Structures are given as C-alpha cells and as structure tokens.
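Bear in mind these aren't lab numbers, they're just calculated from the coordinates by the rules spelled out. Keep in mind that this is a model prediction, so the values were computed, not measured. In this analysis, Cβ positions are derived from the backbone assuming ideal geometry, glycine residues included, and neighbour counts consider all displayed protein chains.
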Amino acid sequence: MGKVRDYIRSEPNREAALWPDDTSMFTQINRYRQLSDDAGIHFALPKNEEPIARSPEHTHSLRAGLDSEEHIKERRKILSEVAGPNVLELGSGTGSLLRLIGAELNGLDSLVGVEFSPHFFGHAADHLADIPEGVAAPKTVFLVRADITQMDISPRRFNTVILASILHEIKSYYSTKEVRKLLDNIYRGLKNGGKTIIYDGFRRPAGMAKMYLETPGAQKIFTAYITANKRAFDFTRDGNAIILPTTDAIEFATKANFVGWEGELEEEYYPFSLAEYETMLRETGFKIEKTQTFPEEGRYLPGVRIENVETGEDEAPSHNNVMVIATK
C-alpha cells in the first residue's frame, strides 16, 4: 500500500481540494481537527504572519540554501541519530530534512513536520512528493502549518523529535522562557526512551575581536547593520579597528547577503552556550546522551578582516554548530 499524505494548511483553496464535496468552514475546521489528531499535535490555525519580516529576495535565498546539496549533506549528521517509527520535526523549513528522512529511513509509521512560515510551508508541501513511494516509505506523512510555541504535542506519541536550527529563533523572537516551555512540550510528547535532537549554533566562550573594515563597501554595510539591528550590539573603536565580541563580529561578517535581511537582524544565531543547552535539557528531565560540535566554514563579507584580541591571529570565518542528543 502506498503512503498517505495529508497536508494541513490554512489556505482555503488548498483545504477545499481535500474536501471537494463540502468546502464550508465547519467542515474545514473539523478536517483540521481530524488531521491534527492523526498527526499527533494540537494547534490553533495560524495567521499568515510570521515573527520575522523577510523580503522576497531573502526568502528565495534561504529556500535555495536550505535545499542545496551542501545543506542536505550537513543534515545527514542528524539522520544517523533519528529513530522511528514516529518522527516529528519542529521548524521544518523547506522540508529538506523531512524528505531525507522519508527517503532513507525505513520502517516509519508517521513522519510529521511543523512549519510556521507560509513561504517555507508551501514550498515544503509542494516538494514532499519527492519522497519515493514504496514498501520502505513512511505510512503517513503530515505537514502542519502552525506556530510551534502555540501548539501541544500528544503525550507519549513520538520516538524522535528534531529541532534543527530553530531554538535560536525561538529565543530571538520570543524568549528563553518559550524555549523551556517548548522543551517541556517535547518531553511530554516523547515515548519513554524517546529522544530529542537539537542541531543549532552555540555561543563561544567569551572573547573579543578586532574587526577591520578595509573597503568603503564594508564600512557602508556595517553602518547599515548597526542602524537596522534591533538587538543589543555593543562595540568600541580603537583607531581603524572595531572592538567587539568575537561572536558578534563573525555573525556580522558572515552575512554576505545582508542587504534586504533587516528582519533577520533581530535573530541571534548564538544565544546559548553548550552548558546552557545541556542544563535546560536536564532541568526538563532529559538525560544527555551525546554532545558533538561541528565547525561550519563560511566566508566573510568582502573587505572584512577579524583578529583575535589576545593572540593577534586572524579569526577563521566559521560558524559553530552543536548536536545534542537527549533521551527521556
């Protein structure tokens, strides 16, 4: 038997396609309830807004990056840790990891993705058909449009819950309190022995850098950056050098496509240290099974050079990613 795919959407025309004989609001709402129960989550229908304002160019760039072979290769680090038969990804973006899991992990009963952004959600739904049909394919695949801070996971439903590059957004646009609330929700939704996988950036130990803006273009972008940035961004000047935390320097210098990303500047990619990830999980009730870090090479904006204040050595343009595996 081929797998069944149900896409829970907020767009009426898409929902009408699921219920061609009755498109009344009553029927649509009940259809949402039925599908959400089947998927194992409970949520309010979201509005079309998302917490970050993105330009069309920014959205297109992000979608291309998330669907790229390089990004999918990176996500394979997560794939090896996923255990079925019931898997949930929160903040599934373009669905690239969902497609990877669905295509390569056998024996799944259900594969569920939740995404808030209407831009990413529609793209992901249109491409989930790329999961091959066959005996080894998931029996059911659900894609749900919902705000993961405003939903509940059915108790003891899932074997694995994945949070890939999403906790820093919850912290940036909401609060640490919402991150902890989400972890509590995940803990309740996991079966005994189930695991959560966090893959995200992490804050380096405190350190300072000297950043040199060696071209007029780099200076102009930095001025626009500090003007548009709505979160704390502290720095001082020492001659032609800018003194600031190393993490902030690298975050700025690796935003090679900064122009048009004004909404993204509210997002802090390195809000938690390794110890903070582990502490939050333990306080929720999880047992830490593995913590593994990965340097991800990037590139700086043209005309930007960064030195370590203490050593005087050049700082490599790398992001710091961590994968934390924790079990219930």
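Listing for the model above:
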quantity: ³J(HN,Hα), Karplus 6.51/-1.76/1.60, whole Hz, each residue of segment 191-202, x for Gly, Pro; calculated: 6, 4, x, x, 10, 10, 10, 9, 10, 7, x, 9
quantity: Packing-based order for 310-316, 99-105, 83-89, using average beta carbon neighbours within 10 Å, highest first; calculated: 83-89, 99-105, 310-316
quantity: Ranked by how many other beta carbons lie within 10 Å on average, peptides 158-166, 239-247 from highest; calculated: 158-166, 239-247
quantity: 3J(HN,Hα) from dihedral phi, segment 236-251, Karplus parametrisation 6.51/-1.76/1.60, rounded to Hz, x for glycine, proline; calculated: 10, 10, 9, x, 9, 9, 10, 9, 7, x, 4, 4, 5, 4, 5, 4
quantity: Calculated FRET value between Lys177 and Lys139, using beta carbons and R₀ = 41 Å, to 0.05; calculated: 0.65
quantity: Anisotropy class of segment 107-176 from Cα gyration tensor, a/c 1.5 cut; calculated: oblate
quantity: When each of Lys139/Lys290; Lys77/Lys290; Lys171/Lys195 is checked by Cα-Cα distance, pairs over 23 Å; calculated: Lys139/Lys290
quantity: Residue-span extension gain [Glu283 to Phe235] - 0.36 nm each, minus C-alpha spacing; calculated: 13.9 nm
quantity: Segments 301-308, 115-122 sorted - mean Cβ within 10 Å per residue, highest first; calculated: 115-122, 301-308
